[in-house]
């Protein structure tokens, strides 16, 4: 029987910080929006609106997530901030100052 390991705390999403796609994440456009696939965690996530796809693509080019939200026309939207927070919690996006997230699933080291 395996025992799950305790993972380190996920980064808290702060819209004032710059964020970007994790280097191990691929974004594939789809008619409904896009799919994100994380090659490190093997997680698949669906982005269900073109606006969210534009926002995620633009994150790395902006000084903050808030600036990216403003550029996408969703500056005050709690729904888009919640979506970004969910992507941060699953390591799809990471703070721009992190070269790569050191956390791996179940505490495994790569």
So residue 37 and residue 64, fully extended at 0.36 nm per residue minus their Cα-Cα distance, gain in nm 7.4 nm
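Once the piece of chain linking residue 79 and residue 48 is laid out straight, how much longer is it, given 0.36 nm per residue of separation minus the C-alpha distance between them?
Details: separation 31, 0.36 × 31 = 11.16 nm, distance 1.23 nm.
Gain in length upon complete extension: 9.9 nm.
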In nm, the gap between the two label points placed 7 Å beyond Cα toward Cβ at residue 24 and residue 97 is 2.3
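FYI, it's all coordinate maths here, none of it is from the lab. If you're wondering where the values come from, they're calculated on a predicted model, not measured in any experiment. Cβ coordinates were reconstructed from backbone atoms using ideal geometry, including for glycine residues, and neighbour counts include every protein chain displayed.
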